[in-house]
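Scroll down for the structure; my scribbles are underneath it.
The values are calculated or read from the model by the stated rules, or taken from the named source; none is laboratory data. Everything numeric here is computed off the predicted structure, so don't read it as measured data. Here the Cβ positions follow ideal geometry from the backbone for every residue, glycine too, while neighbour counts run over all protein chains shown. Only protein heavy atoms, including side chains, enter the accessible area calculation; ligands, DNA and RNA are left aside. Shrake-Rupley method; radii C 1.70, N 1.55, O 1.52, S 1.80 Å.
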Amino acid sequence: GLDVLTKQKRVLGIFPEGAILPHKKAYEGRVGVAKFALGAQVPVVPVGILGTEDVLPYPEYGKPAVWPRVGKIVELHIRPPIYFNQYSSADAENYDILRSVTDQIMKEIRIASKGYGCPGPILKDLMSKGILNRNIIISKA
């Protein structure tokens, strides 16, 4: 499996948060993205995607899904690649390392997403460190 990423120079897109629920909060990422990155010894390019809720709104509870809306803008914000050269492919079996790598990836995705969907305590931490500020944070109800 992972040799496809390295030998054939392929790209794999993963949403490490699993799913964003209708309350629009992306909680901690799942460690699968780190397992792939360390196992294949490949970098991760964090991408923030904004505006998808305008294209395909979440259905209300108990109601059918809606059709996608055309003419809406979706933004992709791409951060620099993250290299994990300090780890070996054997580290892909160490949960503590996987959790740390996943948290680092999620931090970059949250920055790329301008804080949208970011849980309050994490957002507050990013703001206190000067990584995000009120002028760039996306806050939609």
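What are the pairs with Cβ atoms under 7 angstrom where one residue, in region 114-141, is hydroxyl-bearing (Ser, Thr, Tyr) and the other, located anywhere, is at pLDDT 80 or above and open to solvent by less than 70 Å² (accessible area, probe 1.4 Å)? Sequence gap at least six, or different chains.
Tyr116/Leu50
Taking into account only those residues within region 80-92 that are in a loop (DSSP other than H, G, I, E, B) and either open to solvent by 80 Å² or more (accessible area, probe 1.4 Å) or of a type in the set (S, T, N, Q) (or both), which is farthest from Arg134 (Cα to Cα)?
So the first thing to find is which residues in region 80-92 are in a loop (DSSP other than H, G, I, E, B), and the list is 80-81, 83-88.
From the residues that got through so far, the ones that are either open to solvent by 80 Å² or more (accessible area, probe 1.4 Å) or of a type in the set (S, T, N, Q) (or both) too are 80, 83, 85-86, 88.
On the way: Pro80: 22, Tyr83: 29, Asn85: 34, Gln86: 34, Ser88: 38 Å.
Only one residue tops the list, namely Ser88.
Kindly list the number of the only condition in (1) at pLDDT 80 or above; (2) surrounded by fewer than 17 Cβ atoms within 10 Å (Cβ to Cβ); (3) out of contact with any Asp or Glu (no Cβ under 8 Å at 6 or more places or on another chain); (4) part of a loop (DSSP other than H, G, I, E, B) that fails for Val42.
Every listed condition holds for Val42 apart from (2).
Regarding Pro68, is this residue touching a helix residue (DSSP H, G or I) at 6+ places or on another chain (Cβ under 6 Å) and modelled with pLDDT under 90? Quick ask: steps written out before the conclusion?
Numbers: touching a helix residue (DSSP H, G or I) at 6+ places or on another chain (Cβ under 6 Å): yes; modelled with pLDDT under 90: yes.
So Pro68 fits the description; yes.
Hey, Lys124 hits all of (1) among the basic types (Lys, Arg); (2) more than 27 Å from Arg10 (Cβ to Cβ); (3) surrounded by 16 or more Cβ atoms within 10 Å (Cβ to Cβ) but one; which does it fall short on?
(3)
Filter region 93-113 down to the residues that are of a type outside the set (Asp, Glu) and either surrounded by fewer than 18 Cβ atoms within 10 Å (Cβ to Cβ) or more than 19 Å from the chain's Cα centre (by Cα) (or both), then identify the one that is nearest to Val45 (Cα to Cα).
Going residue by residue through region 93-113, those that are of a type outside the set (Asp, Glu) are 94-95, 97-102, 104-107, 109-113.
Then drop every residue that is not either surrounded by fewer than 18 Cβ atoms within 10 Å (Cβ to Cβ) or more than 19 Å from the chain's Cα centre (by Cα) (or both), which leaves 94-95, 99-100, 104.
Values: Asn94: 22, Tyr95: 21, Arg99: 17, Ser100: 16, Gln104: 12 Å.
Out of the qualifying residues, it is Gln104.
Condition first: open to solvent by less than 60 Å² (accessible area, probe 1.4 Å) and modelled with pLDDT under 80. Can you find one or more residues in region 22-38 that meet it?
Our first condition is that a residue be open to solvent by less than 60 Å² (accessible area, probe 1.4 Å); within region 22-38, this holds for 24, 26, 29, 31-34, 37-38.
After this cut, where a residue has to be modelled with pLDDT under 80 as well, the list is 24, 26.
Checking region 22-38: at least one residue is open to solvent by less than 60 Å² (accessible area, probe 1.4 Å) and modelled with pLDDT under 80.
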